[in-house]
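Colleague: Here's a structure for you.
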Amino acid sequence: MTPLQIQNLTAEQAYTALGSNPDGLTSTEAGDRLKEIGPNSVEIRDPWRVVRSLLRQFTNFFTILLMVSAAICFVAESVQPGQSMALLGWALAGVALLNALFSFIQEYRAEKAMQALRKFLPPTVEVMRDGQTITLLAEALVPGDLLLLNEGMRIPADARMIATEDLTINNAPLTGESQPVTLTADAIDSRLVESANIAFAGCLVMRGTGRGIIFATGLRTEFGKLAHLSQALRRAPSPLEQQTAHMVRTLTIIAVSLGVSFFLYGVFSGRSLWINLVFMMGIIVANVPEGLLPTFTLALAMGSLRMARKNVLVTGLNAVEGLGATQVICTDKTGTLTLNQLAVTRLLPPLSNTDFTDPQGRAGLLSIALCACDVHTVDQAYSGDPLDVAIAQCLDGNDGQGSLLTRVHKHFPFDVERKRAAGIGDVAGRQIVAVKGAWEVIRPLLGQVQDSDQKCVPATEELLDRAEAIMTELAGAGYRVVAVACRDQPEALPDGTGQDDIEHDLVLSGFLGIEDPIRPEVPSALERCRTAGIDVMMITGDHPDTALAVARRCGIVAPGSSVEQVLTGDILEQLTETDLGKTFEQGVRIFARTNPSQKMKIVMALRNMDRVVAMTGDGVNDAPALKAADIGIAMGKSGTDVARASAQIILLDDNFASIVSGIEEGRTVFQNIRKFTNYVLVSNGPEIIPYLLYILLPVPLALTVIQILSIDLGTDIIPSMALGQEPAEPEVMEQPPRARNFHLLSRGLVMHSYLFLGLLEAAWSLCLFFFVLIQGGWHYGLELAADDPLYRSATGIALATILLMQIGNLIGRRFARHSGLDRGIFKNRLMLAGIMIQVVFSWALLYSAPLQAILGTGPVAWQVYLAAWLGIPLIFGADYLRKRLTYRATA
């Protein structure tokens, strides 16, 4: 025998089972239970989360490599003091520390922004304790408390209703079903989640009042169980995290391999241990772009700020670019594609598929419908069931008089089993009985039908079939259809008259076509998705016909699409993920009558197809699917706290068009990351080659480690930041999304950075390096001391040439196809600042004594310095010629 659950018990049994009574718990009992069970909170508090977040920043390959290199420098300084290795060690350790702290601060700020949004559960509630009504924090609730429910409040814990008065709850945050539920205090023989005597945590009281005895709090509530499930799920690394890890791994392996290989080569070739150690450090430092990761973080942070201006709040920096990688958007219908505001947009006579044209006919139908509504005003706005409010608002808009036409004496609220609501009231001076609801339950109650002349004629089967055909056509167009009927009730009704006593011999007055209007900007946003190669799938709990109609109006499917393109939840349940993938390939883009587990199934099937998936959601039931998707997008206005906590992106305006704006920004961020990665890696070429020449040939070292750091951590930082703030290229939303396995450090980017522009910079800077040496009397094989003025001048001009050539590289990186010389360069103040820094620094390192002392450089003749400037047109012109040849060949 199945044991009884709380919904199966009578009110008296529920009191007994929970150790409570109609006066509520005593303060002592409540305090003891709070100590035993804990606070009413769904958040699992982790006191070490901040510390773990900080430590995690030190676990990437670059940071580890820099810290190990710093340690080697400190050891080298202790072995042979006075060689500035300690200074290099502190510089490397400082870079690693600053990068970790910068990333941590950005994540911490994003988390604080999330905490500011956590206002879903009410801070205070009213309960009965010690026989009195008191107000206390929602976190202080315990099982056995007697909770008082009022219209507009968010339910703080699961409660078994003890008394109700016209109590209607919106369970959509938990179940995903937008249909309001009228609660009762009677015992019910059904599953807990389907019981009409249970008020669930996180759901909204739409109308009425009630008292309920709390039986579950915190993580024991249905709300809490889903919250715990979403917290337990581990999100897969974002596309950018995967690409960054791949790039860092690759560069680290190259750096360590080259460093160790040439260290061993130097040892076996008879060079001193000290020289080999310095050489190894130089190779590692030259290969590791130390300033790249801080620039990454800053670019993502700036992108997140730009997204916030477009109503897209980012809770994790990697989601900025991740949204740009999206290949499929799985979106809700209500509130995202639509306004989430019910509106009466069609008013049809019973026997015509053409709307009422005269204001009197429209007002008459709306007034009768309003008589079966329960609407009142709060703060000069209508309040009540959304459908009832829509009818009142439409009546107001029709003649400006609104509810003045109608006065309701008695109201029978909508009942899920009856599928209708009724009322008795005065309409235009006559007392009537009005009924509104689903056609299939109204039809058997009809005795007459209003004809085209608004005269009442007997309701024959032929006329009723005609009316049903009109209703079916309206429903097929995507409207929610409400049938409206009435009859005169001139005499007063006796006390105790029930709804069944008045619902007979009704006259069919017409049909209301209700819709949630499409957001005006959605069709154009969907068109942009189509141009950008992004698939959009609609997942909804609504009827297939409604889903298809909305999809047609939005543009998700073509206007002539059939219902065969809609997959319902019952069919979806029977499919394997492989079979589901085949339906995607067959063009299915609409999923109707779905539940939360099926949303998760859709996401996983798409991910198994190697697609980057963005999933929208607002309810607690959406949290697992949001966590499973590559990019979880929660609603800021209508979303639950658990949904927002599970998401990486929060739409502050709940608008689908904002997703598309975010995708454009994300694509722009990724483009810019590639631009400054390309820019930074170009200077690695002229940094590495001098060390290779130094170990293989008897020539002086053209660049020292400190000089390399002056580029990587000095002059390259501001230009990289400038490239990170470049606006979107015109064709950014005209290209298909990149594949999941697309590498940030692609073969083309490596070849362009190292083997083309890097070689150009290395060649010109080394040409001037050896020119100064030869002009000063150096010959092949002659060793020069580090403090030799000739050597200092030669390294100075090599460094200055690299800095100046990076200006030409910077301008060329602005666009993949265009030259980069346009007015936009003057709008990017960081770029102008970066160019100015490179110019001033290139001069100062040659002619400023303090900087000469730090970097170990010396002056050269002004003609030689002028020759270094020729590197700018050389690198810019060569790259522009490559662009023209490449894109002419592919045109």
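Colleague: Quick one: which residues, 5 or more positions from VAL536 or on another chain, have an amide H under 5 Å from its amide H? H modelled 1.01 Å from N in the peptide plane, none for Pro or chain starts.
Modeller: It is ILE329, by chain and number.
Colleague: Calculate the FRET efficiency for ALA381 and ASP426 from the Cβ-Cβ distance with a Förster distance of 25 Å, rounded to the nearest 0.05.
Modeller: On the way: r = 24 Å, r/R0 = 0.95.
Between ALA381 and ASP426 the formula returns 0.60.
Colleague: What longest range of the chain stays clear of loop-exposed GluC sites (Glu not before Pro) (DSSP non-H/G/I/E/B, at most 12 other C-beta within 10 angstrom)? If you can, show how the numbers build up before the last one.
Modeller: On the way: sites that count: GLU417, GLU491, GLU731, GLU734, GLU783.
It runs 1-416.
Colleague: If one takes the longest principal axis of the Cα atoms in the chain, at what angle in degrees, from 0 to 90 and to the nearest 10, does the Cα axis of helix 222-232 lie?
Modeller: So the helix axis and the longest Cα principal axis differ by about 10 degrees.
Colleague: By how many degrees, 0 to 90 and rounded to 10, does the Cα axis of helix 871-890 deviate from the longest principal axis of the chain?
Modeller: Once rounded, the angle reads 50 degrees.
Colleague: Based on the Kirkwood radius over alpha-carbon pairs, what value in µm²/s does the Stokes-Einstein equation return for the translational diffusion coefficient of the chain at 25 °C and 0.890 mPa s?
Modeller: The estimated diffusion coefficient comes to 76 µm²/s.
Colleague: For the stretch 735-808, run through the chymotrypsin sites (Phe, Trp or Tyr not before Pro) and keep only the ones in DSSP coil with at most 15 other Cβ atoms within 10 Å of their Cβ.
Modeller: On the way: sites: PHE742, TYR754, PHE756, TRP764, PHE769, PHE770, PHE771, TRP778, TYR780, TYR791; in loops: PHE742, TRP778, TYR780.
Hits after loop and neighbour filter: PHE742, TYR780.
Colleague: With a point put 7 Å past each Cα toward its Cβ, work out how far THR531 is from ALA86 in nm, to one decimal.
Modeller: 6.2
Colleague: So with the 1.4 Å probe, I'd like the accessible area per residue for the stretch 295-451, rounded to whole Å². If you can, show how the numbers build up before the last one.
Modeller: Numbers: 6020 Å² over 157 residues.
Solvent-accessible surface per residue comes out at 38 Å².
Colleague: Let me ask something else. Do the sum for the chain: with -39,500 (n - 2.57) for every DSSP H run of n ≥ 4, divided by all residues, what is the mean residue ellipticity at 222 nm, to the nearest 500 deg cm²/dmol?
Modeller: Roughly -15000 deg cm²/dmol at 222 nm, from the helical runs in the chain.
Colleague: Something else now. So what's the Cα pair-distance distribution over the stretch 754-890, bin width 5 Å, in %?
Modeller: 2, 10, 18, 19, 17, 13, 9, 6, 4, 2, 0
Colleague: Within the accessible area of the chain, what % is carbon and sulfur when the probe is 1.4 Å and the other protein chains stay in place? Could you put the intermediate results ahead of the total?
Modeller: Details: 22070 of 37570 Å².
Carbon plus sulfur share of accessible area: 59 percent.
Colleague: Right, something else. Counting Lys and Arg as +1 and Asp and Glu as -1, what is the net charge of the other residues whose Cβ lies under 14 Å from the Cβ of GLN489? Let's see the in-between values first.
Modeller: Numbers: positive: ARG407, LYS410, ARG430, ARG487; negative: ASP426, ASP488, GLU491, ASP501, GLU503, ASP505.
Combined, the nearby Lys, Arg, Asp and Glu give -2.
Colleague: Same structure, new question: Expressed as an acute angle from 0 to 90° and rounded to the nearest 10, what is the orientation of the C-alpha long axis of helix 27-37 relative to the principal long axis of the chain?
Modeller: Its long axis makes an angle of about 50 degrees.
Colleague: Taking the simple approach of a point 7 Å from Cα along Cα-to-Cβ for both LEU273 and LEU97, what is their distance in nm?
Modeller: 2.9
Colleague: Taking 0.36 nm per intervening residue step and subtracting the Cα-Cα distance, what contour gain separates GLU165 from ASP189 on full extension?
Modeller: Numbers: separation 24, 0.36 × 24 = 8.64 nm, distance 2.12 nm.
Contour length minus Cα-Cα distance gives 6.5 nm.
Colleague: Express as a percent, rounded to the nearest 5, the fraction of DSSP beta bridges in the chain (both residues included) that run antiparallel.
Modeller: Details: 71 of 94 bridges.
That works out to approximately 75 percent antiparallel.
Colleague: Suppose R0 equals 56 Å; then what is the FRET efficiency for THR133 and GLU473 from their Cβ-Cβ distance, rounded to the nearest 0.05?
Modeller: Values: r = 53 Å, r/R0 = 0.94.
After rounding to 0.05, the efficiency reads 0.60.
The values are calculated or read from the model by the stated rules, or taken from the named source; none is laboratory data. Here the structure is a predicted model, which is why all the values come from computation and not from measurement. Positions of Cβ are backbone-derived with ideal geometry, glycine not excepted, and every protein chain shown enters the neighbour counts. The accessibility values were calculated without ligands, DNA or RNA, using every heavy atom of the protein model including side chains. Shrake-Rupley method; radii C 1.70, N 1.55, O 1.52, S 1.80 Å.
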